[in-house]
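Notes follow the structure.
The values are calculated or read from the model by the stated rules, or taken from the named source; none is laboratory data. Only a predicted model underlies this, so the values are computations on that prediction, with no experimental measurement involved. Backbone-built Cβ (ideal geometry, glycine too); neighbour counts: all protein chains shown.
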Amino acid sequence: MKMSEKTSVLHVAVLFEFPTLNGGEHSMLSVLDALRSAGTFRFTALAPGTGLLADELSRRQISLREFSVRNNIGEKLSFDMIAQRLSGLLHELRPNILHANSLSMSRLTGQLSPASLPQLKRTGHLRDIIRLKKKVISDLNRNDGLIAVSQATLDFHVQQGLDPLRCRVLYNGVDTERFQPRDRALFRSRLFPSIPAGHCILLNVGQICLRKGQLDLAKAVVGLVRKRGDVHLAIVGQRHSTKQESVGYEAAIQQEFTQAGCAPHLHMAGYRDDIPDWMNAADILVHAARQEPFGRTLLEAASSGLPVIATDVGGTTELLRPETDSILVPPGDVASLTAAIDRALSNSEGCRLRAALARQRLEANFAIENAADQLAKFWNIEEDRGID
């Protein structure tokens, strides 16, 4: 892997907010592995001490120092207490760089007083496209450098007042060896032994929530089941929010199938750590998100040779070209989504061609080695530049 020519080892403390494993955490962990193998960086994770993230850090042998912005019952701590705890850890660890892995943590690092910190650079990831108050933008602008995961993400926040001189676009990468085309019949028989061989399995991967659009997808699939009867939907992921609207949203997905009398066509798998197997078992990935800065699931599906149908939102078209290596539809448009799936099911050769082109595009532009090289250059430049 080509890395920056700097030979000194940089110590980066990576700040995580939640104990869960979603796209942002997976994206960061995969690039940390690539950078560690090159020997130019060492990392310490500042994160909650228990949960899926902590387990994964332990498995990868990445040093973890327990840190949380919440108390033991999940209540947000006061800023003064958070700042005091974080400052104490940083004075002990003395990293060269403090990197926040989310927008909310990037705001926190921007809020910290430089006088309370050891000498270091503050950088962060912007992985969301959401409207922000002026105070939040002001806090973000106090960081030394920020990474947007897509041009769409950067443009959105620059329009809100984010300083473009402190930001750059660095795309997430995917491990094209871990996610690659494999024997679909083999993995299908393992994961879906009861589904007839001639039926189609649509896969959706991601946190169950409104912005991921699973209810739109459920409505589309129920319509297709009524029409042709050979379609199944597998949802891999879990709901994290305990708000009533989120609980109700998940229940509504299942109710769509139950009330239509086609409950056996819905397969709720929950959280899984064997995503490559699911990508190889399914026939089409359908990503119905209503907001998506740059979907990791899309990277993984395209790298796996799995045909993709997605909504045209955020940075999706920076990754996938409509009608060339994917089918894209407007967000929230159930009729268009239904028609797109039906068209794909009726043209398997077109699906195979688009999937092959998507895999080629991933290998050329979005391999994890590219993402790691770009992040190494970003951190080294920030270290050399000495931004005030």
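For every residue, the table says whether it meets (1) touching a helix residue (DSSP H, G or I) at 6+ places or on another chain (Cβ under 6 Å); (2) under 25 Å from Phe187 (Cβ atoms); (3) among the β-branched types (Val, Ile, Thr).
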position	(1), (2), (3)
Ala288	yes, yes, no
Pro330	yes, no, no
Thr338	yes, no, yes
Ser348	no, yes, no
Arg354	no, yes, no
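Determine which member of the set Ser68, Ser102 is closer than 23 Å to Leu375 by Cα and either surrounded by 12 or more Cβ atoms within 10 Å (Cβ to Cβ) or of a type in the set (Gly, Ala, Ser) (or both).
After applying the criteria, what remains is Ser102.
Among the residues here, Gly51 qualifies as farther than 22 Å from Ala371 by Cα and either surrounded by 16 or more Cβ atoms within 10 Å (Cβ to Cβ) or touching a Ser or Thr at 6+ places or on another chain (Cβ under 8 Å) (or both).
Of the numbered criteria (1) part of a strand (DSSP E or B); (2) surrounded by fewer than 22 Cβ atoms within 10 Å (Cβ to Cβ), the one Ile309 fails is (2). Scanning the stretch 46-55 for residues that are part of a helix (DSSP H, G or I) and without any contact (Cβ under 8 Å) to a residue 24 or more places away in the chain turns up at least one hit. The test for being out of contact with any helix residue (DSSP H, G or I) (no Cβ under 6 Å at 6 or more places or on another chain) and not assigned by TED's automatic domain parsing to the domain that holds Ile381 does not hold for Ser138. Restricting attention to the stretch 28-65, the residues that are more than 25 Å from Val149 (Cα to Cα) and acidic (Asp, Glu) total 1. Evaluated against (1) free of Cβ contacts under 8 Å to residues at least 60 places away in the same chain; (2) among the aliphatic types (A, V, I, L, M); (3) in contact with a strand residue (DSSP E or B) (Cβ under 6 Å, 6 or more places away or on another chain); (4) within 17 Å of Gly23 (Cα to Cα), Val313 falls short on exactly one condition, (3). Check Leu345, Leu319, Leu299 and return the single one that is in contact (Cβ under 8 Å) with a residue 40 or more places away in the chain, of a type outside the set (Gly, Ala, Ser) and surrounded by fewer than 24 Cβ atoms within 10 Å (Cβ to Cβ). Every option except Leu345 fails the conditions.
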